[in-house]
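Participant: Below: one structure in structure tokens.
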Amino acid sequence: MSEPRTRHDRLRRPRAGLRSAFAVGALAGLLLATAACGSSGSSGGTQPAAGSSAPAPAAVASAQAVVDQLLKPPTSLGVTDRLTKAPTGGTFVYLSCELALCQILNKNMSEAASAAGLGFKSIPIKSADPATLIAGMQQALTLSPPPVGVSFAGLPEAVWGSQVAAFAAAGVPLIPVGAGETSKSPAVPAGSLNGPADITAQAKAIASYFVANSGGRGKALVLNVPDIGAFKQFTGDFSSQVASACPGCSVKQVDITLAQTASNGVVPAVVSALQRDPSIDYVVTVEGEWTAGLVPAAKAAGRSGIHIIGINPTSVDQQAILAGTETAFVNIPLKITSWKAVDVALRYAQKMPIADGDGATPYLLLTKATVTKPEDSVDAPSDYVAQFRKLWGLG
């Protein structure tokens, strides 16, 4: 196993995030981060990113090999080193917003903390009011004894970076989830869980599926949300992956504003783009929830046979996959992420090396062949609880 990059030598990471629910709900915080991550320089329309018209059999075969691997449930959590000793107690704090995804993380972090013999405290915050995050962070540091770790989701470092020094002084690690770019700091030992490397992995997975499923001839329309760094990164990564791997494919982008995501404006924008270019046969979404209702809307506009693929599926998307109206998504394992957050705190307490993101996130490609019971968090390996308990010396 390669030596993990620790909190002492990690470089800055490109921005990325967890789910649009965090990103849109935390709009005020994201706008604070815009200057740091830059903008796309595009205000709308579509942008080409592709090569010639002839498919390359080698490219299709290579993409299919990636797909075949992603269809197999992962067996590793991405972290393999056991703790030097069993956990010795303390309290884990989660700053929980009102969104459904925050509640999933809250529930599963509580279960992970309990399994590790830790106390658990949930402090409520509001995703649209970054000041409540700061207040929650400051409240966590008033606990006596100090917590063994403090986690939260979605808001970028531009919002909470001013608090890092206080956490470093207190010896308490911050464990953001889907927060994007994080600076080199001992107080943020894993960077962001579900961070930039995971976005790149998701983009490669979906790009490979697109190339293989289309036989190297697909014409894709990918959503680009310039104001959200995670999704801007995904769009760029997906486009570059396809451009380099599939000379017979093409990719266009349709810019989506935050106002459109908040007002059911995504589907009309996509339908308009499909009408402008009848050759498009794949829509690549960065958030499954945003393209709900796209298939009937496209049919009403005279477009059928559209394959919907992407990242961040809801249970509704998985039901649509089983029904044949959507095609493939890459999951985000929120339960495993919750246990990883507690794992980071335990490793920090024992002064162990901590890899970026606590190791690579295990992904599964969700297709009709792999979706069984639709749910908002599909987590594989399915024995993740037993694996974490073993890593923690709990049998």
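The values are calculated or read from the model by the stated rules, or taken from the named source; none is laboratory data. Just so it is clear, the structure is predicted and the values come from calculations on it, not from any experiment. Don't worry about glycine lacking a Cβ; one is built from the backbone with ideal geometry, like all the others, and counts go over all protein chains shown.
Participant: Under 30 Å from Gln64 (Cβ atoms), at pLDDT 95 or above and either in a loop (DSSP other than H, G, I, E, B) or of a type in the set (A, V, I, L, M) (or both): does that describe Ala168?
Facilitator: no
Participant: Of the conditions (1) outside any strand (DSSP E or B); (2) at pLDDT 95 or above; (3) surrounded by 20 or more Cβ atoms within 10 Å (Cβ to Cβ), Gln253 fails just one. Which one is it?
Facilitator: (1)
Participant: Would you check which residues across segment 90-146 are part of a strand (DSSP E or B) and either surrounded by fewer than 24 Cβ atoms within 10 Å (Cβ to Cβ) or small (Gly, Ala, Ser) (or both) and list them?
Facilitator: Hits for segment 90-146 are Thr91, Ser96, Gly119, Phe120, Lys121, Ser122, Ile123, Pro124.
Participant: Restricting attention to segment 73-101, report how many residues are β-branched (Val, Ile, Thr) and modelled with pLDDT under 95.
Facilitator: Selection size over segment 73-101: 4.
Participant: Being within 16 Å of Thr367 (Cβ to Cβ) and among the basic types (Lys, Arg) is the filter here; which residues of segment 289-319 pass it?
Facilitator: Once the filter is applied, which keeps residues that are within 16 Å of Thr367 (Cβ to Cβ) and among the basic types (Lys, Arg), segment 289-319 yields nothing.
Participant: Report the residue count in segment 147-179 for those that are aliphatic (A, V, I, L, M) and surrounded by fewer than 18 Cβ atoms within 10 Å (Cβ to Cβ).
Facilitator: 5
Participant: Quick one: is Ala230 part of a helix (DSSP H, G or I), among the small types (Gly, Ala, Ser) and in contact with a helix residue (DSSP H, G or I) (Cβ under 7 Å, 6 or more places away or on another chain)?
Facilitator: Considered against the rule, which asks whether it is part of a helix (DSSP H, G or I), among the small types (Gly, Ala, Ser) and in contact with a helix residue (DSSP H, G or I) (Cβ under 7 Å, 6 or more places away or on another chain), Ala230 comes out as yes.
Participant: Next question, about the same structure. Quick one: which residue in Ser208, Ser214 is surrounded by fewer than 24 Cβ atoms within 10 Å (Cβ to Cβ), touching a residue at least 60 places away in the same chain (Cβ under 8 Å) and not hydrophobic (A, V, I, L, M, F, W, C)?
Facilitator: Ser214
Participant: I would also like to ask the following. Given the residues Ala197, Ala203, which is the only one that is in contact with an Asp or Glu (Cβ under 6 Å, 6 or more places away or on another chain), part of a helix (DSSP H, G or I) and not hydroxyl-bearing (Ser, Thr, Tyr)?
Facilitator: Within the list Ala197, Ala203, the selection yields Ala203.
Participant: Please identify the pairs in which a residue from segment 116-135 that is under 18 Å from Ser162 (Cα atoms) and in contact (Cβ under 8 Å) with a residue 12 or more places away in the chain has its Cβ atom under 7 Å from the Cβ atom of a residue that is among the aliphatic types (A, V, I, L, M) and surrounded by fewer than 18 Cβ atoms within 10 Å (Cβ to Cβ), counting only partners at least 6 apart or on another chain.
Facilitator: Final answer for the pair search is Pro130/Ala28.
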